[in-house]
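Right, one structure below, let's go through it.
The values are calculated or read from the model by the stated rules, or taken from the named source; none is laboratory data. Since this is a predicted model, take the numbers as computed values, not measurements. Cβ coordinates were reconstructed from backbone atoms using ideal geometry, including for glycine residues, and neighbour counts include every protein chain displayed.
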Amino acid sequence: MKLTRRKRHTYGDSAALSDLAFLLIIYFIVIAGFNINKGFLMNLPAKDSTRFVLKDDLLRFELDSSGSLFHQGGLVDIALAEAEIRTLAASHPNLAIVLGVAPEAPWQKVVAFVELAQKMNVDSFSFTMTAGQAGGAP
């Protein structure tokens, strides 16, 4: 009686797949290095640094729930705010901008103001949440 022998598998077949898997892993690692997240790049102060800001160097804006921008109690638009920042930045090199934001304010208005501050190269920028209406109204 003749017994049939099974054909032995060589490691050459599976070695090609492991090489392919290894190359794919390297490919995805290299591609992941090119994935750039775009966002707001702002320099944050160091953890242990202290920075003193004079009252004259503070510029306060408030954004109410309807998306209106206020400065010193008066309604301003983004162009007027840019002119105000540009004027004060020339005379106050340590200018710090504080934006008070109402919780219901449209996020697009907040982003537009942050983009303005970034465009103006403002080094110090701060957010605060406000409880009441902007411009001194209750």
Identify the single condition in (1) assigned to a strand (DSSP E or B); (2) buried (at least 17 other Cβ atoms within 10 Å of the Cβ) that VAL98 does not satisfy, given that it satisfies every other one. (2)
Here are some residues: LEU58, LEU75. Which one is at pLDDT 85 or above and either surrounded by 10 or more Cβ atoms within 10 Å (Cβ to Cβ) or among the hydrophobic types (A, V, I, L, M, F, W, C) (or both)? LEU75
Residues to consider are ALA134, ALA96, ALA83; find the one that is at pLDDT below 85 and over 19 Å from the mean Cα position of the chain (by Cα). ALA134
Identify the single condition in (1) of a type in the set (A, V, I, L, M, F, W, C); (2) crowded, with 16+ Cβ neighbours inside 10 Å; (3) outside any loop (DSSP other than H, G, I, E, B) that VAL122 does not satisfy, given that it satisfies every other one. (3)
Sole miss for TRP107 among (1) of a type outside the set (Ser, Thr, Tyr); (2) surrounded by 13 or more Cβ atoms within 10 Å (Cβ to Cβ); (3) under 17 Å from GLY67 (Cα atoms) is condition (2)
